[in-house]
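Everything below concerns the one structure shown next.
What follows is calculated from the coordinates using simple rules that are stated; it is not laboratory data. Everything quoted here is computed from the prediction, not taken from an experiment. All Cβ positions, even for glycine, are placed from backbone atoms using ideal geometry, and neighbour counts span all protein chains on display.
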Amino acid sequence: MIVVGAGEVGSNIADSLAHDHEVVVIDRDSDRVESITYSHDVLAIEGDGTSLETLEEAGIEKADMVIASTDIDETNVVVCGAAKAVTDPFTIARVKKTNLLRTWERSQEAFGVDFMVCTDLHTAEAIIDIAGLPGAHDVDSFANGLVRMAEFEVDTDSPVAGETVSQADRFESLTFAAILRDDDVIIPRGETVIEAGDAVVVIGSAESVRGFAGTLTPAPTLEDANEVVIVGGSEIGYQAARLFEEQGLEPRLVERDPERARELAERLPNTLVLESDATDIDFLVREHVDESDIVVAALDSDEKNLLVSLIADRIGVERTLGIVESGEYVDLFETVGIDVAINPRTVTAEEITRFTREKRAENLAMIESDRAEVLEIEVNRESLLCGNRIREVTNELPEGVVIGAITRDGELITPRGETVVELGDHVVVFVDTEVLDEVAAAL
């Protein structure tokens with residue numbers, strides 16, 4: 001497997017795939033090449049990924065996949081085309097421009113790209129998913145939307161802080177899959193105590209997960225939200241507004257540039273576009289932004305997004321989501337002012353890594369940059385699950401596995417020890433990455 005681009009996206013992809021693939025990373029920057037050589041179990045080559053000579057040095061003839069993840073869209077497309085000129089690996093290109101994605105969707109073979117991941121679109125989709133669940137830091141759906149997985153942080157004033165899992169489990173169709181505490185992944189039992197600072201991963205019906213979210217925070221869900229304000233008419237801001245419109249909302253979008261504001265107003269029929277500087281607190285108060293349920297900061301710099309989030313919090317906005325391009329700032333920004341910081345590079349890296357692993361499962365989600373995964377598996381006759389009770393199966397599996405949900409003929413079944421798994425069931429499973437290969441083979 002060849003990864004072109006050793007920046008934040010490429011490094012995350014290489015790190016995620018190195019444990020079960022031979023990974024070669026190409027980058028023009030000698031410092032990045034040296035850094036990834038020492039920090040990851042990969043072969044790093046300094047060179048131009050669009051060059052056939054460099055690709056041949058990386059072993060393109062034997063590669064079964066090429067992932068182009070530089071910061072330049074056109075370079076990534078050319079890398080994929082160059083790889084196809086030599087042999088026929090599966091090619092993945094990362095792009096930012098949504099129009100390039102749309103062009104590829106209509107003329108796939110012309111680019112030599114087998115799969116394209118659009119950073120701006122996936123980031124906007126992440127915004128919508130997270131905005132829909134108050135307090136959530138990660139959200140994914142399984143089994144055609146019947147099953148929802150979400151990760152919540154437990155604050156010191158949270159009603160579940162200090163409770164056992166049995167006390168916190170107030171919803172019939174909800175499973176506590178894991179507790180993430182510092183660097184540990186804890187598989188909870190009924191007597192496990194939830195501590196402030198923990199991250200709790202739950203799996204269940206959309207209603208039960210939404211209900212659990214409501215016990216953690218009074219912030220409204222999208223169904224209850226009256227006001228959503230997007231600050232910044234970037235492509236991410238535009239895509240988020242478009243997706244909010246699809247949810248039946250009428251968001252407001254603040255854009256400083258007159259021409260961009262006019263363009264967005266024409267493209268977003270159900271969005272009120274305001275031409276102004278969103279860092280002007282007088283403007284925010286005058287436009288009653290303080291009454292908003294959600295403010296999304298999607299400006300062109302991390303510092304501006306932090307500033308807008310701090311101002312929004314100060315004037316009384318319920319919840320702030322901010323785009324943070326620098327991965328090292330995410331935890332810091334969430335500590336000082338943004339309720340949820342979304343890093344587009346991390347979103348993209350996880351989407352690409354998810355795609356490369358889907359041969360193991362029908363759907364999957366990565367938890368905390370690959371500390372764990374949630375898999376959706378259709379049970380076949382060879383599966384350890386087939387015809388057995390959950391209790392019998394879990395006794396044969398290693399530590400670090402939780403059966404989170406089962407769907408059968410379009411119905412959700414909450415797994416209990418005596419539940420028998422049948423052929424054709426769809427099972428959603430939480431798995432610690434350390435035992436992932438063993439569990440995937442067994443199930």
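What is the packing order of peptides 112-123, 11-22, 94-105, 380-391, taking the mean over residues of other C-beta atoms within 10 Å and listing the highest first? Each step should come with its number before you reach the end.
On the way: 112-123: 22.2, 11-22: 19.8, 94-105: 17.2, 380-391: 15.0.
Top of the packing list down: 112-123, 11-22, 94-105, 380-391.
Which order do the peptides 181-192, 323-334 take when ranked by the mean count of other beta-carbon atoms within 10 Å per residue, highest first? Mind showing how you got there, number by number?
On the way: 181-192: 13.5, 323-334: 17.9.
Result, highest mean Cβ count within 10 Å first: 323-334, 181-192.
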- Over region 243-303, relative contact order from alpha-carbon pairs under 8 Å, at least 6 apart, %: 27
- How high is the relative contact order of the chain, given as a whole-number percent (alpha carbon pairs under 8 Å, six or more residues apart)? 12
- In nm², the average projected area of the convex hull spanned by the Cα atoms of region 163-206 is 3.0
- Query: Pairs of lysine in the chain with Cα under 27 Å and at least 8 positions apart or on different chains: total?
  - Reply: 8
- Counting only complete DSSP H runs, which helices of the chain cover 15 Å or more along their long axis at the Cα atoms and score a mean Kyte-Doolittle of 0.5 or above? 73-86, 119-131
- How big is the C-alpha Rg of region 358-442 next to the rule-of-thumb value 2.2 N^0.38 Å, as a ratio? 1.00
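For the residues Glu74, Glu418, Glu227, what sequence is obtained by ranking on other C-beta atoms within 10 Å, fewest first? Don't skip to the answer; put the middle values down first.
Values: Glu74 13, Glu418 9, Glu227 19.
Ranked by crowding around the Cβ, least crowded first: Glu418, Glu74, Glu227.
Looking at the chain, I'd like the Rg to Rh ratio, where Rg is from alpha-carbon atoms and Rh is Kirkwood's inverse mean 1/r.
Working: Rg = 22.6 Å, Rh = 23.1 Å.
So for the chain, dividing Rg by the Kirkwood Rh gives 0.98.
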- Here, region 257-348 modelled as identical Cα point scatterers in vacuum has Debye log10 I(q)/I(0) at q = 0.17, 0.18 Å⁻¹ of -0.77, -0.85
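Tell me the mean residue ellipticity at 222 nm calculated for the chain from its helices only (DSSP H runs of n ≥ 4, each -39500 (n - 2.57), averaged over every residue, nearest 500).
-10000 deg cm²/dmol
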